[in-house]
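Contents: one structure, followed by commentary.
Bear in mind that the values in this text are calculations on the coordinates, not laboratory data. What you see is a predicted model; the values in this text were computed from it and never measured. Here the Cβ positions follow ideal geometry from the backbone for every residue, glycine too, while neighbour counts run over all protein chains shown.
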Amino acid sequence: MEFQALPSRIGQVRRIISAQLRHWRLDALADATALGLTELLANVHRHAAPEGRAGDGHAPADKHCTVELSLAWNRLTVSVHDHDPRLPQVHGSATHEQLSTSGRGLALVASISESWGMRTQPDGSGKTVWFSLPVPAPVDPAP
């Protein structure tokens, strides 16, 4: 799904993703998926520069990105691709960061996911940040 990572659109994307998870009968993953996705989209909104404008100091509202869900081998992977090739910085709980009110989104994604990562596109056209969640085993109905 391609869209602009604007605050008004992030809620809409979360609802679409939640509907897809219900369709796949993965309701148990809805909260973690929504939280991780919100963090990744907030990073695009705050930090990513559109194609051709990385690092020029401008932050236009045109923040196109693509969200992809992949369900394979008992794992749900959520990927967000944007056009800024700069990789995000991971902030943790270092002493100078303890009083910070932001900057821990990727640490949060790491804590809720089974695995996560980021990669630049080989042609320099952007990056992808992703996380994976284990799919819970189906519950057998009572006899």
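Roughly speaking, what is the stretch gain from ALA107 to ALA28, that is 0.36 nm per residue apart minus the C-alpha to C-alpha distance, in nm to one decimal?
Result for the pair: 26.3 nm of gain on full extension.
Taking the Cβ of LEU21 as the center, what net charge do the other residues with Cβ under 15 Å away carry, scoring Lys and Arg +1 and Asp and Glu -1?
+2
First measure r as the distance between the Cβ atoms of GLN4 and TRP73, then evaluate 1/(1 + (r/R0)^6) with R0 = 30 Å and state the FRET efficiency to the nearest 0.05.
With R0 = 30 Å, the Cβ-Cβ based efficiency is 0.40.
For the ranges 7-15, 125-133, what's the packing order if you count other beta-carbon atoms within 10 Å of each residue, average per peptide, and put the highest first?
125-133, 7-15
Say each of SER115 and ARG86 gets a label point 7 Å from the Cα, pointing the same way as Cα to Cβ; how far apart are those two points in nm?
2.9
Collect residues whose amide H, placed 1.01 Å from N in the peptide plane, falls under 5 Å from the amide H of GLY126; neighbours closer than 5 in sequence don't count.
Here the answer is GLN121, since their amide H atoms fall under 5 Å of that of GLY126.
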